[in-house]
Amino acid sequence: MTQLTALVTGSSRGIGAAIKSALAARGVQVIGHASKAHDAETIGADLTDPTAASRIWEEALARSAHGRID
């Protein structure tokens, strides 16, 4: 089976953290986003910045094990 990669925004707490944990438990490579990076797997960016979404996407693609986000 091909490994999947997911980008989860708001992954530092609440529903986002629960989704990140559940996907990781199923073998999915999870790249998280939060307003501040709190670990090596999290991209820190403020989504009120109009350029942040595209930067998060590009960084997630660069971190993906297979060059895509599923």
- Message: Name the residue that is surrounded by the most Cβ atoms within 10 Å (Cβ to Cβ), counting only residues in the range 35-51 that are of a type in the set (S, T, N, Q) and in contact with a Gly (Cβ under 7 Å, 6 or more places away or on another chain).
- Response: 42
- Residues that are of a type in the set (S, T, N, Q) and at pLDDT 95 or above: which strands (runs of 3 or more DSSP E) entirely in the chain hold 3 or more of them? none
- Note on the structure: Here the residues within the range 42-70 that are in contact (Cβ under 8 Å) with a residue 40 or more places away in the chain and over 15 Å from residue 29 (Cβ atoms) are 56, 57
- Item | Selection from the range 11-34 of residues that are touching a residue at least 24 places away in the same chain (Cβ under 8 Å) and either over 18 Å from residue 64 (Cα atoms) or open to solvent by less than 30 Å² (accessible area, probe 1.4 Å) (or both) | 11, 12, 28, 30, 31, 32, 33, 34
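The values are calculated or read from the model by the stated rules, or taken from the named source; none is laboratory data. Everything numeric in this text was worked out from a predicted model, so none of it was measured. Backbone-built Cβ (ideal geometry, glycine too); neighbour counts: all protein chains shown. SASA here: full protein model, heavy atoms, side chains in, ligands and nucleic acids out. Shrake-Rupley method; radii C 1.70, N 1.55, O 1.52, S 1.80 Å.
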